[in-house]
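First comes the structure, then the notes that go with it.
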Amino acid sequence: METIFRIHRFNPETDREPFFREYRLDAEPNLRVLDCLNRIKWEHDGGLSYRMSCAHGVCGSCAVKINGRCTLACQTLVRDVAGDVVTIEPLPSFKVVKDLIVDLDAFMARVACIRPFLLSHGPVPDRERPQSPEERKKIDEVIRCILCACCTGACPVSQGDPNYLGPAPLVQAFRRIFDSRDDETSARLAQMDAPDAAWGCVNHFECTRVCPKRIPITKSINFIKREIEKTRDQQIMTEINRAEKRPED
Ligand code: SF4
C-alpha cells in the first residue's frame, strides 16, 4: 500500500522556518510508523532526525504527533493511521531541536522538582519496605508511566502556560503521595496545592486520551485535588478543636 509520509523538518542551523517534506513508501498495514521512519531515513533521507531506542513501548523516546495525535511511533501501526497521507510532527509545547526531536530539559526539570523518588524517614530496613496488595493497588496504574511526554504535548493548559507543571509530573506526584511507604505526603500535597500544579488542570482529558500506557491521568490529578482538600478540612477541624479547648477569657 503506497502511503505518503508528510514529515516536519527543521534544522535550526540551516532553515529559517520549519517545513514539511513528503516521502512515498510502500508500507504494509502491519508495519509500525517507527519502522516507516527508519526506512525513510535508511533508504531515502539520511538527514531525517528523530528519537528512538527500545522500539517496544518501554522507553518513550519515539513520542511524536501522528495525524494530530501525540503517541509513540513504535506503538502505532500504519493501518491505525490509514489514509493516503500520514503527517508526523514533533510533540507540541516543546522547542524543536531538529525535525521530530524536541528539547525535553524543562519537562525533566519539572519532573525532578517533585522529587520522584521514595522519601522514607525510618531506619533503612534489612530487606525491602513491605507494602500490602491493597496499598500497592492504589499506585498500580501510575507506575506504568514511561515519561514519554505525550500527555504534556497534548495538554491544552501546558501549550498555553509554560509555568504549569503538566500532567506527567502530576502523575509522578500521585505515585509518591499515595505510596504507603513515603513519609513526605504533607510536603508533597503542599507543593501540589498551587495554581501551576494540581489546580492548573481544568479537566480537558486530552492527556488521558493520548497516554500510551492507558493511565487515568485526569482522574489521578483529581484525586490529588481531593486529597489536598481533605488535608485542609482536617487542618481546619484541628484548629477549631484547639480553639474550643482554650480556657475562656
Ligand atoms: Fe507518557 Fe502516560 Fe507517562 Fe504521560 S502519563 S508521560 S503520556 S506514559
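Inclusion of residue 16 among residues that are of a type outside the set (A, V, I, L, M, F, W, C) and either closer than 21 Å to residue 151 by Cα or touching a residue at least 24 places away in the same chain (Cβ under 8 Å) (or both) is not warranted.
Of all residue pairs spaced 6 or more apart or on separate chains, those with beta-carbon atoms under 6 Å, a first member in region 70-87 that is farther than 12 Å from residue 32 by Cβ and a second member that is within 16 Å of the ligand (Cβ to nearest atom) and part of a helix (DSSP H, G or I) are 70/150; 70/153; 70/154; 70/210.
Evaluate region 169-177: report whether one residue or more is farther than 25 Å from residue 57 by Cβ and more than 9 Å from the ligand (Cβ to nearest atom). Looking for residues that are farther than 25 Å from residue 57 by Cβ and more than 9 Å from the ligand (Cβ to nearest atom), one finds at least one in region 169-177, hence yes. Among the residues of region 67-95, how many are buried (at least 19 other Cβ atoms within 10 Å of the Cβ), away from the ligand (no atom under 14 Å from the Cβ) and within 16 Å of residue 19 (Cα to Cα)? So the answer is 4.
Give me the residue from region 175-210 that is under 20 Å from residue 70 (Cβ atoms) and hydrophobic (A, V, I, L, M, F, W, C) and, out of that set, nearest to the chain's Cα centre (by Cα). The selected residue is 207.
Checked against the criterion of being at pLDDT below 95 and either within 12 Å of the ligand (Cβ to nearest atom) or touching a Pro at 6+ places or on another chain (Cβ under 7 Å) (or both), region 145-152 contains not a single residue that satisfies it. Counting only residues that are away from the ligand (no atom under 16 Å from the Cβ) and not hydroxyl-bearing (Ser, Thr, Tyr), which one in region 204-232 is modelled with the lowest pLDDT? Once the filter is applied, the top-ranked residue is 232. Taking the numbered list (1) surrounded by fewer than 16 Cβ atoms within 10 Å (Cβ to Cβ); (2) assigned to a loop (DSSP other than H, G, I, E, B); (3) under 18 Å from the mean Cα position of the chain (by Cα) in turn, residue 106 passes all entries but (2). Filtering region 115-132 for residues that are within 13 Å of the ligand (Cβ to nearest atom), among the aliphatic types (A, V, I, L, M), closer than 28 Å to residue 191 by Cα and part of a loop (DSSP other than H, G, I, E, B) leaves an empty set. For the criterion of being in contact (Cβ under 8 Å) with a residue 24 or more places away in the chain and either away from the ligand (no atom under 14 Å from the Cβ) or basic (Lys, Arg) (or both), residue 235 fails. Filtered by the rule that a residue be in contact with a strand residue (DSSP E or B) (Cβ under 6 Å, 6 or more places away or on another chain) and over 21 Å from residue 71 (Cβ atoms), region 95-135 gives no residues. Sub-8 Å Cβ pairs linking a first residue in region 179-202 that is under 13 Å from residue 165 (Cβ atoms) to a second residue that is among the acidic types (Asp, Glu), at least 6 apart or interchain, are 188/182; 196/161; 199/193; 200/161, ordered by first then second residue. Of all the listed residues (97, 64, 86), the sole one being modelled with pLDDT of 95 or more, touching a Pro at 6+ places or on another chain (Cβ under 7 Å) and not polar (S, T, N, Q) is 64.
Yes or no, residue by residue, for (1) surrounded by fewer than 13 Cβ atoms within 10 Å (Cβ to Cβ); (2) modelled with pLDDT of 95 or more; (3) under 26 Å from residue 75 (Cα atoms); (4) of a type in the set (Gly, Ala, Ser):
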residue: 121; (1), (2), (3), (4): yes, no, no, no
residue: 129; (1), (2), (3), (4): no, no, no, no
residue: 135; (1), (2), (3), (4): no, yes, no, no
residue: 138; (1), (2), (3), (4): no, yes, no, no
residue: 158; (1), (2), (3), (4): no, yes, yes, yes
residue: 174; (1), (2), (3), (4): no, yes, yes, no
residue: 186; (1), (2), (3), (4): yes, yes, no, yes
residue: 190; (1), (2), (3), (4): no, yes, no, yes
residue: 202; (1), (2), (3), (4): yes, yes, no, no
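The values are calculated or read from the model by the stated rules, or taken from the named source; none is laboratory data. Every value quoted in this text rests on a predicted model; they were computed, and no experiment measured them. Cβ coordinates were reconstructed from backbone atoms using ideal geometry, including for glycine residues, and neighbour counts include every protein chain displayed.
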